[in-house]
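The values are calculated or read from the model by the stated rules, or taken from the named source; none is laboratory data. Source: prediction; values computed, not measured. Here the Cβ is made from the backbone with ideal geometry for all residues, glycine too, and neighbour counts use every protein chain on show.
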Amino acid sequence: MGTPYYWYGGTVTWLQDVVFTAGTSITQGVITVSTTLTVTGDADFTSALSCNVTDSTFAIKDNATPTKILRFQCSSLSAGTTTITVPDGNDSMVTLTGTQVLTNKTLTSPTINAYTIAGTGTIANGCTLTTPAISGATITGTVTIANGSTITTPVIATPTISDPIITSQKYSTLITYTSDTTLANVTGLTGFTLTAGATYVFEIELKTTMTTNGGMAAAFKLTTATLTALNLNVVQSAAASMVAPVTFTSTTDQAKWIDNKTAAFTTNNIRGTLVVGTGGTVAIQAAQNTSAGGGDATSVLVGSWARFTRVS
């Protein structure tokens, strides 16, 4: 179509290819092109002009290299008109699968998997980070950082940190065993959670009363956890006697690391390390060495305690 060409209203239909070149001005009306519409230069289409273009035929070509072509695909849209608002600034589009660097972005409650933060970044409330490598980050609010994560030189404000490095300590209430050699949980010293593959150091101190008729037995109850290694020492003492430390290594559930009636011991201290196989929970159990009733009951006193600290 020659230059200039002015169209001021109504409807026009072209049945052949149409080319609008620089200087073309169309101010209102409806244009229907049955074949191909090509616009070059500075042709002017004003807001009053209705121009609907099918996505399969609409293309934008690079001015320097015409073989570089951009097309839009609308098949995934719902019925109706979808509006994309153009940002105020020169920038690039962000795509789903492209490798791009984002700056000045705010992520609200995201779930981010296997990623790396380098330099200065802020991780805000509600984030779940799975296997991240974080360097030089500032962490605020409630953030869940999963096992296996690496955090290098972070700045952490008012954190509550649980696992992998944690100390869990609990205290008992009174429990008395009378004519009973069946191991049972020491009330309060249950539910210690152990992580699969982790190593722990632990210390247990059982304050007791007993006689040399009933004595005492004690063991771990592997409620749901399993152990691949265990090494502990038991030291028992009373006002007038103390037995030499006893080393114990069995990882079997309810294997007794105290099981005697040598003396009326009042303090039983157990220290050691363990390596977890299957993650789960463990409890401290006790009983009598020999069934004895009446005045020969065995008791674990209030204030007995156990502490597990993960070290790797």
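With respect to Ala196, is the statement that it is surrounded by fewer than 16 Cβ atoms within 10 Å (Cβ to Cβ), part of a loop (DSSP other than H, G, I, E, B) and among the hydrophobic types (A, V, I, L, M, F, W, C) true?
Numbers: surrounded by fewer than 16 Cβ atoms within 10 Å (Cβ to Cβ): yes; part of a loop (DSSP other than H, G, I, E, B): yes; among the hydrophobic types (A, V, I, L, M, F, W, C): yes.
The answer is yes for Ala196.
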In region 290-312, which residue that is among the polar types (S, T, N, Q) and more than 34 Å from the chain's Cα centre (by Cα) is farthest from Ala217 (Cα to Cα)? Ser304
Tell me the residue from Thr181, Thr208, Thr160 that is assigned to a loop (DSSP other than H, G, I, E, B) and at pLDDT 95 or above, please. Thr181
The lone condition Lys256 fails out of (1) buried (at least 20 other Cβ atoms within 10 Å of the Cβ); (2) modelled with pLDDT of 95 or more is (1)
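If I filter region 216-225 for residues that are in contact with an Asp or Glu (Cβ under 6 Å, 6 or more places away or on another chain) and closer than 15 Å to Thr281 by Cβ, do I get at least one hit? Spell out how you get there, then give the answer.
Within region 216-225, the subset in contact with an Asp or Glu (Cβ under 6 Å, 6 or more places away or on another chain) is 217, 222.
Of the ones still in play, those that are also closer than 15 Å to Thr281 by Cβ are 222.
Yes - at least one qualifying residue is present in region 216-225.
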Hits in region 90-113 (condition: under 23 Å from the mean Cα position of the chain (by Cα) and of a type in the set (A, V, I, L, M)): Leu96, Leu102, Leu107, Ile112
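Taking region 256-274, which residues are in a strand (DSSP E or B) and more than 43 Å from the chain's Cα centre (by Cα)?
At the first step, the residues of region 256-274 found to be in a strand (DSSP E or B) are 256-260, 267-274.
Matches in region 256-274: Asn260 only.
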Take the conditions exposed (fewer than 13 other Cβ atoms within 10 Å of the Cβ) and under 22 Å from Gly277 (Cβ atoms) and apply them to Thr226. Does it pass? no
Among the residues of region 47-78, which ones are in a loop (DSSP other than H, G, I, E, B), at pLDDT 85 or above and under 47 Å from the mean Cα position of the chain (by Cα)? Asp62, Thr67, Lys68, Arg71, Phe72, Gln73, Cys74, Ser75, Ser76, Leu77, Ser78
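Hey, among Val311, Val302, which residue is out of contact with any strand residue (DSSP E or B) (no Cβ under 7 Å at 6 or more places or on another chain) and touching a residue at least 60 places away in the same chain (Cβ under 8 Å)?
Values: Val311 fails: out of contact with any strand residue (DSSP E or B) (no Cβ under 7 Å at 6 or more places or on another chain).
Unique residue meeting the criteria: Val302.
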Output the number of the condition that Ile284 fails; it satisfies all remaining conditions of (1) assigned to a strand (DSSP E or B); (2) out of contact with any Leu (no Cβ under 8 Å at 6 or more places or on another chain). (2)
Matching residues, region 225-250, being assigned to a loop (DSSP other than H, G, I, E, B) and either farther than 18 Å from Ala306 by Cα or not assigned by TED's automatic domain parsing to the domain that holds Gly303 (or both): Thr226, Ala238, Ala239, Ala240, Ser241, Val243, Ala244, Pro245, Thr249, Ser250
